[in-house]
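Participant: I have a structure I would like to understand better, so I am pasting it below and will then ask my questions one at a time.
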Amino acid sequence: KEVGMRAKRPTGTITKKQARFSAGLLGAYVLVTLCALGFVRLAWEVRERETLGFDEAVLTAINHASTPFLNSFIPIATDVGGFVGVTLLTVVFLGLFIAKNEYRRALLVVVSVAGAALLNIVLKLVFTRDRPDLWEQLVHEAGYSFPSGHAMASAALGLALAVALWNSRWRWWGLVFAVVYIAFVGYSRLYLGVHYPTDILAGWLVSGVWVLAIALLIRSKLGHQALRNLP
């Protein structure tokens, strides 16, 4: 054998790239399971009214820290997590992905956001939880409270963007945007007193399950076959 000739890799040897990919998939499955179990447990406790003391204590503490500036700013800024705000942001990100011919990433974002919106409608009708009424609110919100639609929509968009950009040079920008955006929208709903903390947490958990499930489906063998012509 010639000196310096690269040795052949033994049959069945797993490369570092394959190992990272497998570990990533395993981690995603674990997160999906944990989010699903967390939501089931939380939903049970909410239905049994076991979280009401905690919910009201957190809302009261947030209300005591209110300021005139936030009373003017939050009612407007919270709309970045509403129907119009999420729709506009989704269209912007879709446009950027399509312009770069990143159709799989665009598909992940649009299915995540649209699916989360439909799931929220169904879950609200299932649980029919009334909204909190602890003080005179700065905005009026109709409909049921659990889980929070703003929290679900913003989490779906933020998580989908973070997942879509995870294997790109924009990974950390996507992650930072997701964390800041999701946290702000969740806090704004609590500040306004239109949702309980468990409404927000439930929205995050459901969107976590949904977005990761869609990402896993796209990465699956079935997903690759269905989307083989998409870049």
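Participant: I'd like to compare 155-163, 39-47: which one has the highest average count of other Cβ atoms within 10 Å, and what's the full order after that?
Facilitator: Values: 155-163: 27.4, 39-47: 15.7.
So the peptides 155-163, 39-47, ranked by packing, come out 155-163, 39-47.
Participant: From the phi of every residue in the range 123-134, what ³J(HN,Hα) in whole Hz does the Karplus formula 6.51 cos²θ - 1.76 cosθ + 1.60 yield, where θ is phi - 60° and glycine or proline is x?
Facilitator: Taking θ as phi minus 60°, the curve returns 5, 4, 5, 6, 9, 6, 7, 6, 6, x, 9, 9 Hz for the range 123-134.
Participant: Local charge sum around F39 (other residues, Cβ-Cβ under 13 Å, Lys/Arg +1, Asp/Glu -1)? Display every interim value, and only then the final one.
Facilitator: Numbers: positive: R41, R47; negative: E45, D199.
Combined, the nearby Lys, Arg, Asp and Glu give 0.
Participant: I'd like the carbon and sulfur percentage of the solvent accessible area for the range 104-216, probe radius 1.4 Å, heavy atoms only, ligands and nucleic acids excluded. Show your work: numbers first, answer last.
Facilitator: Numbers: 3410 of 4810 Å².
Answer for the range 104-216: carbon and sulfur cover 71 percent of the accessible area.
Participant: With the Cα gyration tensor of the range 34-104 giving a ≥ b ≥ c as the square roots of its eigenvalues, does the rule (a/c under 1.5 for rounded; else a/b larger than b/c for prolate; else oblate) give rounded, prolate or oblate? Spell out each step's value before the answer.
Facilitator: On the way: a/c = 4.12, a/b = 1.40, b/c = 2.94.
Oblate, because a/c is 1.5 or more while a/b does not exceed b/c.
Participant: Moving on to the next point. For a test of the definition: using alpha carbon positions, the gyration tensor, and the 1.5 limit on a/c, classify the range 162-209 as rounded, prolate or oblate.
Facilitator: Values: a/c = 5.62, a/b = 2.06, b/c = 2.72.
It is oblate, given that a/c is not under 1.5 and a/b is not larger than b/c.
Participant: For a protection proxy built on the mean count of beta-carbon atoms within 10 angstrom, sort 190-197, 144-151 highest first, please.
Facilitator: Top of the packing list down: 144-151, 190-197.
Participant: Give the accessible surface of the range 93-231 per residue, rounded to a whole number of Å², with probe radius 1.4 Å and ligands, DNA and RNA excluded. Please list the in-between numbers first.
Facilitator: Numbers: 6860 Å² over 139 residues.
Heavy-atom SASA per residue in the range 93-231 reads 49 Å².
The values are calculated or read from the model by the stated rules, or taken from the named source; none is laboratory data. Computed from a predicted structure; not experimentally measured. Here the Cβ is made from the backbone with ideal geometry for all residues, glycine too, and neighbour counts use every protein chain on show. Each accessible area value is taken on the protein alone, full model and side chains, heavy atoms only, with ligands, DNA and RNA left out. Shrake-Rupley method; radii C 1.70, N 1.55, O 1.52, S 1.80 Å.
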